[in-house]
Amino acid sequence: MRLFVSVDLPDALADPLADLQQEFGDAPGLRFTDPEQAHLTLKFLGEVDEKRVPEIEDALETAVDAAGVDPFDATVGGLGVFPSMEYISVVWVGIREGAGREELTRLHEAVERETTALGFDPEDHDFTPHVTLARMNDARSKVRVQQVVREQDPTLGTMRVSQIRLKASELDRDGPTYSTVSRIGL
């Protein structure tokens with residue numbers, strides 16, 4: 001099974017997320033994510049034998065304890081891209097500075113420590129808390145994406161973060177479908 005660790009966005013932010021996606025219009029080459037499945041990935045684990053789920057759950061509980069984070073609010077806002085404005089593969093909305101960003105970073109670092117101790121590959125880039133809006137398949141809409149990212153600074157709303165989730169991702173031709181394997185409360 002294909003697994004990752006996330007903080008899910010509440011249903012209340014699905015419509016503002018969809019509205020933000022509309023700012024990009026019908027940009028060719030952009031593949032939008034499903035606002036109903038929006039989440040912030042703390043760690044992508046990849047293909048994992050289902051028998052390993054209990055040890056991963058234990059590691060996530062240890063990580064939450066080690067992070068020392070109580071439930072907190074995080075403000076979703078601001079736009080960005082990966083890896084750069086010149087070569088765009090992902091368009092995202094972030095977490096505002098000082099509005100849950102530090103807590104999410106602490107959770108990520110603790111999850112990273114515990115999962116790499118289990119043998120999962122360490123991240124090869126700095127952690128930027130974000131929710132993916134779209135993936136860019138080709139550069140046809142590059143100028144439009146650059147314009148929206150440079151000119152807009154939206155705030156979608158605030159969410160209460162009280163748990164992290166171990167999630168499964170099932171891929172099919174219509175895109176991924178996510179299901180929650182387990183929840184670990186803060």
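Take the conditions among the hydrophobic types (A, V, I, L, M, F, W, C), out of contact with any Lys or Arg (no Cβ under 8 Å at 6 or more places or on another chain) and closer than 27 Å to residue 151 by Cβ and apply them to residue 107. Does it pass?
no
Scan the range 114-127 for residues that are more than 20 Å from residue 89 (Cα to Cα), surrounded by fewer than 16 Cβ atoms within 10 Å (Cβ to Cβ) and within 21 Å of the chain's Cα centre (by Cα) and jot them down.
Hits for the range 114-127 are 116, 121, 122.
Filter the range 128-147 down to the residues that are touching a residue at least 60 places away in the same chain (Cβ under 8 Å), surrounded by fewer than 20 Cβ atoms within 10 Å (Cβ to Cβ) and not charged (D, E, K, R) and list them by number.
Result: 132, 137, 139, 146.
Can you confirm whether residue 20 is of a type in the set (A, V, I, L, M, F, W, C), within 19 Å of the chain's Cα centre (by Cα) and in a helix (DSSP H, G or I)?
It is true that residue 20 is of a type in the set (A, V, I, L, M, F, W, C), within 19 Å of the chain's Cα centre (by Cα) and in a helix (DSSP H, G or I).
Can you run down the residue pairs with Cβ atoms below 9 Å, 6 or more apart or on separate chains, where the first is in the range 94-110 and under 14 Å from residue 40 (Cα atoms) and hydroxyl-bearing (Ser, Thr, Tyr) and the partner is modelled with pLDDT of 95 or more and surrounded by fewer than 22 Cβ atoms within 10 Å (Cβ to Cβ)?
105/127
The values are calculated or read from the model by the stated rules, or taken from the named source; none is laboratory data. Source: prediction; values computed, not measured. As a convention, Cβ positions derive from the backbone with ideal geometry for all residues, glycine included, and neighbour counts pool all protein chains shown.
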